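The values are calculated or read from the model by the stated rules, or taken from the named source; none is laboratory data. The model shown is predicted, which means the values in this text are computed figures rather than measured ones. FYI the Cβ positions are ideal-geometry reconstructions off the backbone, even for glycines, and counts take in every protein chain you see.
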Amino acid sequence: MTSIWLRILPYMAALLIGAAGAWIWQANSYGQIIAINEASRQADLATIANAGAAQARRALEKQQSAEQAVANLDQKNQKEKTDALAENEKWRRAAADSARRLRIAGSCRAGAGDLSSTTSTTSLGDAGTIELSAASGSTVFDIRAGIIADQAALRALQAYVMNVCR
């Protein structure tokens with residue numbers, strides 16, 4: 001029986017050596033596959049990170065551009081509003097100092113639909129201009145200042161929508 005074992009032993013040793021060699025070769029092969037996959041993963045992560053950084057830079061540039069456009073529009077619209085209100089205030093002072101008079105041109109025509117038929121028997125003729133009192137004139141300038149502010153706000157919003165919101 002020992003002779004059978006002695007004859008089988010070299011085959012078993014060759015089988016064990018072959019299995020150990022296959023094991024080592026397979027482990028090395030898997031190690032290479034893992035290393036290749038890890039390098040590919042690292043390259044993908046670097047690509048993703050670079051793309052994210054580029055996207056963040058573009059978003060920041062776009063935001064800064066929009067902020068600059070808003071600031072420019074705000075400055076322009078504020079100057080226009082300030083100039084218009086200053087001119088309105090100049091006219092208000094001139095009217096208050098009696099350097100200028102605030103007059104409204106008007107006419108009253110009987111039978112033209114401006115007056116009722118009961119008052120048409122009285123002839124008013126052409127009224128020419130109507131001079132307003134100081135209080136009424138001040139009210140007109142207050143109303144005009146409100147209109148200037150409203151129009152400036154509307155122009156600013158329109159410019160914002162046209163130039164920034166695109």
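Evaluating Leu85 against the criteria (1) surrounded by 13 or more Cβ atoms within 10 Å (Cβ to Cβ); (2) modelled with pLDDT of 90 or more; (3) more than 13 Å from Ala145 (Cα to Cα) leaves one unmet condition, (3). Residues considered: Ala54, Ala99. Of these, the only one that is of a type in the set (A, V, I, L, M, F, W, C) and part of a helix (DSSP H, G or I) is Ala54. Any chance segment 25-41 includes a residue that's part of a helix (DSSP H, G or I), within 57 Å of the chain's Cα centre (by Cα), closer than 30 Å to Arg155 by Cβ and of a type in the set (Phe, Trp, Tyr)? There is no residue in segment 25-41 that is part of a helix (DSSP H, G or I), within 57 Å of the chain's Cα centre (by Cα), closer than 30 Å to Arg155 by Cβ and of a type in the set (Phe, Trp, Tyr).
Using the structure shown, decide if Ala94 is at pLDDT 90 or above, among the small types (Gly, Ala, Ser) and part of a helix (DSSP H, G or I).
Numbers: at pLDDT 90 or above: no; among the small types (Gly, Ala, Ser): yes; part of a helix (DSSP H, G or I): yes.
So Ala94 does not fit the description; no.
Please work out if Lys76 is surrounded by 10 or more Cβ atoms within 10 Å (Cβ to Cβ), out of contact with any helix residue (DSSP H, G or I) (no Cβ under 9 Å at 6 or more places or on another chain) and within 30 Å of Leu157 (Cβ to Cβ). So Lys76 fails the test. Exactly one residue out of Ile104, Ile148, Ile143 is modelled with pLDDT under 80, at negative phi and of a type in the set (A, V, I, L, M), and it is Ile104.
Of the residues making up segment 42-72, just one is over 12 Å from the mean Cα position of the chain (by Cα) and surrounded by 12 or more Cβ atoms within 10 Å (Cβ to Cβ), namely Asn72.
For segment 4-15, indicate whether the set of residues that are under 30 Å from Ala153 (Cα atoms), surrounded by 10 or more Cβ atoms within 10 Å (Cβ to Cβ) and not aromatic (Phe, Trp, Tyr) is non-empty. No - not one qualifying residue is present in segment 4-15.
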